[in-house]
Every structure is written in structure tokens, then in C-alpha cells.
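> Shown below is the structure under consideration.
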Amino acid sequence: MSEIIQKLSNPPIVEAVLDIDCDMPPTLDWAALKESARNAYREYYPQFQTISSGTIQIEGPPGGSQAHKTLRGVQSLQFFHEDRKQLVQVRSQGYSFNRLAPYSALDDYLPEIERTWKLFVGIAGPKLIRTVRLSYINRIVLPVKDEKVLISQYFKVSPQLPDESDLIFTGFLNQHSAVEKSTGNQANILLTTLPNDTDNLPVILDIGVIHREDKEVENWDWIAEKIQSLRNLKNRIFKNTLTDVCLSLFQ
């Protein structure tokens, strides 16, 4: 199944993300981490930005005089490649690797994922892996003819109108989740339209696959095995969602 995407001349992937959620040190020094992470990633990811988060704390008795305080913290440190098509994130909940279009194949990025993950472990000191997650956002542009698109021609799993002779789709949102019995991997699948013009109907197919298990952060072989398992599930969902007519759009 892993060859499905590789065989496409123009895969519709606009973004692929690997997240590894971890238990982070409770006393993590973000100022020191920012400096060490910039030094570690600077050669290949010279562009840097900090994403902050904020929460509002309310102090005072209910019904009485209350004071509001905004507490700010670091959500992630983002390190971009020069072309900004690839980035590594050191997050408050773990590590992420993002790849934007053009996307080739996961095998091409795995060595870099392994390298940057091991750098993350060395500088951030995560305690335990909790979740491994792959997310793929696909943008599929369907041709419109006579102001109509026959959705079932392109998707095996799709919404249907109750009266296709008189009704025309102006948009839809399909969302479902599932569990793979053999592995326990979970899948979240979203199929929805974007604003269209007269000639095309853009559709987003967002596939997220997740494995939850506690594991030691040094065990890269286990991580690579789970990534491959999630990849196989994602590819199977992709293939079984799209018809051959739809797949031909990417050749």
C-alpha cells in the first residue's frame, strides 16, 4: 500500500505532519532550550520563530471584585528550512516534523526525521513517548461541468443528495473516525469542500492516523515501526476513499 502515493506523478498532498507527543520535563527552561535548539537546528533550519500561548486567570470571589491576569507561555519553537517548505517544531507537548508541497514520499524524509528527533531528545530531554500521529492534508480539485459535479464519480465514500435531478451541491462536510482492529491505530477522516469557482470544486481530504502507547524516547526502531504502521493505514484509507477516476487526476 505504501506505493500508492509514490506512483502518483502529482500527489495532492499540501501538508504532511508527524507529531510525537511526549511527557516533557516539568521544569523545562524555555529560554535555555531556545538557545540550544537554535544552535542544534541552525545549519539546515536557519529561520526561526516562537509561537506563544496564553490563558486567562481569574482571581477573586464569585460575585465579588475579580481581577483578570493573562498568563503567557511558549507553545512551540519552529525551525524552518530556507525555502519554508519544511520545518521542525519543539513543542510544549513534544516534537513535530512538517513537510509542505511538493511532497515526494515518506521514505525520503525518514532519515531527516530520525536525525532531528534525536537532536530533540538530546536538547529537550522528553521523559516518555505518549502518542505518534501522522496527518495528511490533500487538496483535490474536481472539474465542474454544467455547474455540476458527480461526487460519487470521484469518491467511494461521499455524501449523496436526496434529489440529484434538482439539487446542486454547494458544499459538504463528512467526518468519521475508526479503529484498526489489528493494530489499535485510530483514524480521523475529514472530507469537505472549499469555496469553488465556475470551473473547479476544491475538496480537502484530511487523514489523521494515531497510535497511543507509552514508550521510551530512545527507542527509534519502535518509532519507525509505528510510523510505518500508521503510513500503511493512511495509504489504505486514501486508496479506498478515491475512485480510479479521481486518482487519474494526479497522473
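> So what is the orientation-averaged projected area of the stretch 99-161, using the convex hull of its C-alpha atoms, in nm²?
Mean projected area of the Cα convex hull: 7.6 nm².
> Taking 0.36 nm per residue of separation and subtracting the Cα-Cα distance, what length does fully extending Ala178 through Ala32 add?
So the extension gain works out to 48.5 nm.
> At 222 nm, what value in deg cm²/dmol follows for the chain if DSSP H runs of at least 4 each add -39500 (n - 2.57) and the sum is divided by all its residues, to the nearest 500?
-7500 deg cm²/dmol
> Give me Ser165, Ser135 sorted ascending by neighbouring Cβ count inside 10 Å, so fewest comes first.
In order of increasing Cβ crowding within 10 Å: Ser165, Ser135.
> Given 0.36 nm per residue, what is the gain on full extension from Leu150 to Arg84 after removing their alpha carbon distance, in nm?
Extra length from Leu150 to Arg84 when fully extended: 20.1 nm.
> Using +1 at the Cβ of each Lys and Arg and -1 at the Cβ of each Asp and Glu in the chain, identify which of Tyr136, Val17, Leu167 lies farthest towards the dipole's positive end.
Val17
> Okay, moving on. Averaged across orientations, what area in nm² does the convex hull of the alpha carbons in the stretch 140-230 project?
So the mean shadow area of the Cα hull is 8.0 nm².
> Further question: Principal axis extents for the chain, Cα atoms only, whole Å, descending order, please.
Result, largest extent first: 62, 55, 39 Å.
> Next question, about the same structure. Over the chain, what relative contact order in percent results from Cα pairs under 8 Å that are six or more residues apart?
24 percent
> Starting from the Cα gyration tensor of the stretch 66-178, multiply each eigenvalue by 5, take the square root, and state the resulting semi-axes largest first in whole Å.
Largest first, the stretch 66-178 gives 40, 22, 15 Å.
Values in this text are rule-based calculations from the coordinates and carry no lab data. Predicted, not measured: the structure shown is a model, and the values here were computed from it. Here Cβ is always computed from backbone atoms with ideal geometry, including for glycine, and neighbour counts include all displayed protein chains.
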